[in-house]
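First up is the structure itself, then whatever we jot down about it.
Read-outs: derived from the displayed coordinates by stated rules, not from any lab. Note that this is a predicted model, so its numbers are computed, not measured. So basically every Cβ, Gly included, is an ideal-geometry build from the backbone, and we count neighbours across all protein chains shown.
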Amino acid sequence: MEKLKGRIYLAISFVLAGTAVIAARFVSDSLGTFTITAASLLAVLIILLPFYMLRIKQGIRNMSKNDWIMICLQAFFGIFLFRAFLLFGLQNTSSTEAGVLIGAAPVLTSILARTMLKEKSNAKTTGGIICAVLGVLLLQGAQLSNLTAEHVLGNMLVVCAAASESLFNILSRIHSLSEITDNRGKIEPTVQSLLVSAIAFLFCIIPASFEYPVSSLLSLDLKGWVSILWYGLIVTMLSYVLWYAGIKRCTAHTAAAFSCLMPFTSMLLAFLILEESVETMQWIGGFLVILGVILLTYSQAAEKG
């Protein structure tokens, strides 16, 4: 039952994370990369900290030096570097190719899970990951293009974003396992998410200050502010709470396959909300992603988390 709950948490987490594309679309022309991240995180902290201050204080008292190191690393790789690499990479490469390269994250996570966590994968786990990754490739409509130096740089930055996401996945799992090994109480997902958000906000302050954040934020309309709040409360906070709740119950292999729901959700919302065209091969890719998730849902043998 716990493993099933973990999969449900992961699925909802990555579906919510996929809405980031829509939220960012409404503010990317008005705000800088680090300003978007910093403003959304600040909104989370202002709204939620008063309600969770006592739990946070209690959680901090029980945290070890290793907990702080792991949370700082998760904030650095999972929020700060991932968003910076991805948004800067998109300035020099197409969204199609960027989607394909981000689709490498599940593969990287699976490789790291084998090498760093020594996690084993059965046939259904492997099949689920393969289906999900193939689905991502199809739904992004990968095409070859003439490469330039700037184009290659953009692709490299997006690959770095995929690597950052994979490292975040592995670090979260390592942290969860260390809590069990050390016989310490687990940090509540909400508390952990708020701490990660606070540290990521601190990372963003200096680079955001060079993007004229105050004047940019003051010029936002209602849709822009709603997007910032959604990006912070839903895409960042709620998604991360569900992520931490899920990764405590599932292996990194499982999280790798479920992460493919993120680009599928982005495609579906772009079709429904932004009215962007979606090709037949992309729909087929979406169904492959769902098939991969179903295979992971019924995979039991490799689960030890």
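Structure notes:
- Here the simple spin-label model places points 7 Å from the Cα toward Cβ, and for ILE290 and THR126 these points are separated by 2.7 nm.
- Relative protection proxy for 216-229, 19-32, from highest mean packing down: 19-32, 216-229 (other beta-carbon atoms within 10 angstrom).
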